[in-house]
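The numbers here are math on the coordinates, done by the rules we state, and not lab data. Computed from a predicted model, the values in this text were never measured in an experiment. With ideal geometry, Cβ positions are generated from the backbone for all residues, glycine too; neighbour counts draw on all protein chains shown.
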């Protein structure tokens, strides 16, 4: 993987009082997955018209899937089967997914750990840490 991080200037001196405004506002990760697929992962706090939206798109030999989530709700679309030839995307009904807050409260209430687990979160943190390194040295890195 390699990564580019960007922090945009928001105010003169990049400070609010004593607080330094140094959080990364946008990132782009270029990744190669275990199965040989390649992908890009992008996030930006400053995408006009997409404040706090999330979008996941994946394509493969059997079609494509797109999940979009924002303050307005969620949308799941597929392009599979005969629709691949025409590039037709169809909306698919999907049940609402509990928020992370709701899932955490339920786990505390019931004592049952839910997925993703703490281990999953630790693995994700490893990717985020490696993204910082890749941005600093502009190099290619592998997750061990």
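At a Förster radius of 35 Å, what calculated FRET efficiency corresponds to the Cβ-Cβ distance of residue 7 and residue 91, to the nearest 0.05? Kindly include the intermediate steps, with their values, before the conclusion.
Working: r = 37 Å, r/R0 = 1.05.
Once the sixth-power term is evaluated, E becomes 0.45.
If I build a Gaussian network model for the chain, linking alpha-carbon pairs within less than 10 angstrom, which residue out of 113, 125, 54 has the largest mean-square fluctuation?
113
For the chain, take the longest principal axis of its alpha carbons; what is the angle in degrees between that and the long axis of helix 118-137, to the nearest 10 within 0 to 90?
So the inclination is approximately 60 degrees.
Given the options 43, 30, 117, which has the most mean-square fluctuation in a GNM of the chain, springs set between C-alpha atoms less than 10 angstrom apart?
117
Given a 10 angstrom Cα cut-off, can you work out which residue in 32, 82, 12 is the most mobile in a GNM of the chain?
Result: 12 has the largest fluctuation of those listed.
Can you compute the radius of gyration and Dmax for segment 72-144, using only the Cα atoms, both in Å?
19.0, 48
Please pull out the direction-averaged projected area of the chain, using the convex hull of its alpha-carbon atoms, in nm² to one decimal place. Mind dumping the intermediate values first?
On the way: hull surface 52.1 nm².
Mean orientational projected area (the chain, Cα hull): 13.0 nm².
Rg and Dmax in Å for segment 2-65, alpha carbons only: what are they?
Using the Cα atoms of segment 2-65, the pair Rg, Dmax is 16.2, 53 Å.
From Cα pairs below 8 angstrom and at least 6 apart in sequence, can you work out the relative contact order of the chain, rounded to a whole percent?
On the way: 171 pairs, mean separation 30.9, N = 144.
Taking the mean separation of contacting Cα pairs over the length of the chain, I get 21 percent.
To test your reading of the geometry: what angle, between 0 and 90 degrees and rounded to tens, separates the Cα axis of helix 100-110 from the longest principal axis of the chain?
It works out to around 80 degrees.
Restricting to DSSP H runs of at least four residues, report the calculated mean residue ellipticity at 222 nm for the chain, -39500 (n - 2.57) per run over all residues, nearest 500 deg cm²/dmol.
-7500 deg cm²/dmol
Compute the distance from the alpha-carbon center of segment 12-55 to that of segment 66-113, in whole Å.
If we compute the Cα centre of each part, the gap is 22 Å.
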